[in-house]
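K.L.:
Quick one: structure below, then a few questions.
What follows draws every value from the coordinates through simple rules; no lab data is involved. Since the structure is predicted, the reported quantities are computational estimates derived from the model, not experimental observations. FYI the Cβ positions are ideal-geometry reconstructions off the backbone, even for glycines, and counts take in every protein chain you see.
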Amino acid sequence: MRVLITAGPTYERIDPVRFIGNHSTGKMGFALAEAFADRGFDVLLIAGPVHIVTVNPAIKRIDVVSADDMYRAVMQHFAESDVAVFCAAVADFTPTVAADRKIKRKTDDLVIRLKPTQDIAAAAGRQKRQGQFIVGFALETDDEEANAVDKMQRKNLDMIVLNSLNDQGAGFGYDTNKVTVIERNGRRTDFPLQSKTEVARRIVEAVVEKLA
Ligand code: C5P
C-alpha cells in the first residue's frame, strides 16, 4: 500500500528575502510518515520547509517550498496512492507577484496583493477514484465539529482529524496533540492528549481498519 502525506507549512515568496509562512513545524505529518512506514506502507512525504530529518528508508521525501510547488508534487503522485493524508498547513493566499528585488523601506504603507492558492486536498478529492482513501486535518477555534464535518464533505474526504486550538498542549510546535477523528459515516472518536507519535499510530490504525 502506498500513502502520500503532506506536512509542514508553505512559504509564499514576497521578494528574494521575505515570505508569508505559518507556525506549522511538520511534527504531526512526520510522525504519521513514521507510523505508516512502521505499518508496512510505502510512504511518500511531501514536506514544506521544516527542520526535521528523515532517515527511515521506507519514507521517500520530496521537499517543496510554496503551496503551488506542493500542489504540483501532489498532483504528480496522487493517482498512484492508495491513501493520502493532508496534514500540511498550506497558505490560503499567495502574493499575486513576487518582487525580483528586495523591497526597499519606505515611509508610505506597503500593499501586497494576494490571490487564493489551490486547495490541494479538495483537488485530490475531485480526482479520487474507487478504493482511494483521503484523510484531511482541520484546525478550528469555534463550531469545531460542524466545521470539520462540512470540510470533509466539501473536499470529498473520507476521514477528518480535528485539532482544537482550545486544547492545552495541542497543536503547533507541541510534541503532544489532542484530536478527534471523524469518519464519513458520522462515527467520531476522541483521543486523549498524547504524544504526536502515539496520535499518529492511532490515526494509522483508524485508517487501516477502514481499508480492511
Ligand atoms: O480549509 P482548511 O484549510 O481548513 O482545510 C484543512 C485541510 O485541507 C487540511 O487537510 C489541509 O492540509 C488541506 N488544505 C490543502 N490545501 C490548501 C488548504 C488546505 O490541502 N490550500
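K.L.:
How tilted is helix 27-38 with respect to the longest principal axis of the chain? Cα atoms for both, answer in degrees (0 to 90, nearest 10).
P.N.:
40
K.L.:
Tally Lys and Arg at +1 and Asp and Glu at -1 over the other residues with C-beta under 13 Å from the C-beta of Gln118: what net charge comes out? Mind dumping the intermediate values first?
P.N.:
On the way: positive: Arg72, Lys115, Arg126, Lys155; negative: Glu12, Asp68, Asp69, Asp92, Asp119.
Summing Lys/Arg as +1 and Asp/Glu as -1 gives -1.
K.L.:
Once you charge only the Cβ atoms, +1 for Lys and Arg and -1 for Asp and Glu, what is the size of the charge dipole of the chain about its Cα centre, to the nearest 20 debye? Walk me through the numbers on the way to the answer.
P.N.:
Values: 29 positive and 29 negative charges, 129 e Å.
So the magnitude is around 620 debye.
K.L.:
Expressed in nm², what is the orientationally averaged projection area of the convex hull enclosing the Cα positions of segment 1-149? Could you put the intermediate results ahead of the total?
P.N.:
Working: hull surface 43.3 nm².
That works out to 10.8 nm², a quarter of the Cα hull's surface.
K.L.:
Another question, if that's okay. Charges on Cβ only, +1 for Lys and Arg, -1 for Asp and Glu, centred on the Cα centroid of segment 64-212; of Phe93, Gly173, Val208, which one is farthest towards the dipole's positive end?
P.N.:
Phe93
K.L.:
Let me ask another. Please report, in debye to the nearest 20, how large the charge dipole of segment 38-81 is about its Cα centre when each Lys and Arg carries +1 at its beta carbon and each Asp and Glu carries -1 there. Before the final figure, lay out the partial values.
P.N.:
Values: 4 positive and 6 negative charges, 15 e Å.
So the dipole magnitude of segment 38-81 works out to roughly 80 debye.
K.L.:
Considering the options Thr10, Ile182, Phe36, tell which one lies farthest towards the positive end of the dipole of the chain, charges being +1 on Lys and Arg and -1 on Asp and Glu at the Cβ, about the Cα centre.
P.N.:
Result: Thr10.
K.L.:
Taking the chain as the reference, fit the longest principal axis to its C-alpha atoms, fit the long axis of helix 196-211 to the helix C-alpha atoms, and give the angle between the two in degrees, 0 to 90, nearest 10.
P.N.:
Tilt of helix 196-211: around 60 degrees.
K.L.:
Tell me the trypsin sites (Lys or Arg not before Pro) within segment 105-212 that lie in a loop according to DSSP and have at most 10 other beta-carbon atoms within 10 Å.
P.N.:
Working: sites: Arg105, Lys106, Arg113, Arg126, Lys128, Arg129, Lys151, Arg154, Lys155, Lys178, Arg184, Arg187, Arg188, Lys196, Arg201, Arg202, Lys210; in loops: Arg105, Lys106, Arg113, Lys128, Arg129, Lys155, Lys178, Arg184, Arg187.
For trypsin sites (Lys or Arg not before Pro) across segment 105-212 that sit outside H, G, I, E and B with at most 10 neighbouring Cβ atoms in 10 Å, the list reads Arg105, Lys106, Arg113, Arg129, Arg187.
K.L.:
Figure the gain on full extension for Val17 and Asp167 (residue separation times 0.36 nm, minus the Cα-Cα span) and round it to one decimal in nm. Don't skip to the answer; put the middle values down first.
P.N.:
On the way: separation 150, 0.36 × 150 = 54.00 nm, distance 3.46 nm.
Taking Val17 through Asp167 to full extension adds about 50.5 nm, to one decimal.
K.L.:
How big is the antiparallel share of DSSP beta bridges in segment 85-183, given as a percent to the nearest 5?
P.N.:
Values: 8 of 16 bridges.
If we restrict to bridges inside segment 85-183, about 50 percent are antiparallel.
K.L.:
Could you check the spin-label model distance between Arg154 and Met75? Points 7 Å from the Cα along Cα→Cβ, value in nm.
P.N.:
Distance between the two pseudo-spin positions: 2.1 nm.
K.L.:
Which percentage, to the nearest 5, of the DSSP beta bridges contained in the chain is antiparallel? Please list the in-between numbers first.
P.N.:
Values: 16 of 42 bridges.
For the chain, the DSSP antiparallel bridge percentage is about 40.
K.L.:
Separate question: Could you work out the percent of alpha carbon pairs in segment 96-212 separated by over 22 Å, rounded to a whole number?
P.N.:
Details: 3220 of 6786 pairs.
So the pairs more than 22 Å apart make up 47 percent of the total in segment 96-212.
K.L.:
Enumerate the calculated ³J(HN,Hα) couplings along segment 135-140 in order (Karplus 6.51 cos²θ - 1.76 cosθ + 1.60, θ = phi - 60°), each rounded to whole Hz, writing x wherever the residue is Gly or Pro.
P.N.:
10, x, 10, 9, 10, 10
K.L.:
Rounded to whole Hz and in sequence order, give me ³J(HN,Hα) for segment 7-19 from the Karplus expression 6.51 cos²θ - 1.76 cosθ + 1.60, θ = phi - 60°, writing x for Gly and Pro.
P.N.:
After applying 6.51 cos²θ - 1.76 cosθ + 1.60, I find 8, x, x, 10, 10, 10, 5, 9, 8, x, 10, 10, 8 Hz.
K.L.:
What span do the alpha-carbon atoms of segment 153-212 cover on each of the three principal axes, reported in whole Å from largest to smallest?
P.N.:
30, 24, 16
K.L.:
Now for a separate question. Assign unit charges at the C-beta atoms only (+1 for Lys and Arg, -1 for Asp and Glu), then state the dipole size of segment 49-175 relative to its Cα centre in Debye, rounded to the nearest 20.
P.N.:
Working: 16 positive and 19 negative charges, 171 e Å.
Computed about the Cα centre, the dipole is about 820 debye.
K.L.:
Measuring from a point 7 Å past the Cα of Arg105 along Cα-to-C-beta, which residues in segment 1-36 have an amide N at less than 20 Å?
P.N.:
14-19
K.L.:
Between Arg2 and Thr96, take the C-beta separation as r, use R0 = 41 Å, and let me know the FRET efficiency to the nearest 0.05. Please report the intermediate quantities before stating the final value.
P.N.:
Values: r = 36 Å, r/R0 = 0.87.
The pair Arg2/Thr96 has a calculated efficiency of 0.70.
K.L.:
³J(HN,Hα) across segment 70-76 via Karplus (A = 6.51, B = -1.76, C = 1.60, θ = phi - 60°), whole Hz, x for Gly/Pro?
P.N.:
Working through the residues one at a time gives 5, 4, 5, 5, 5, 4, 6 Hz.
K.L.:
Let me ask you something else. Around Lys102, with a cut-off of 13 angstrom between Cβ atoms, what is the net charge of the other residues, counting Lys and Arg +1 and Asp and Glu -1?
P.N.:
Working: positive: Arg13, Arg18, Arg101, Lys104, Arg105, Lys106; negative: Asp15, Asp100.
Within the 13 Å Cβ shell, the charges total +4.
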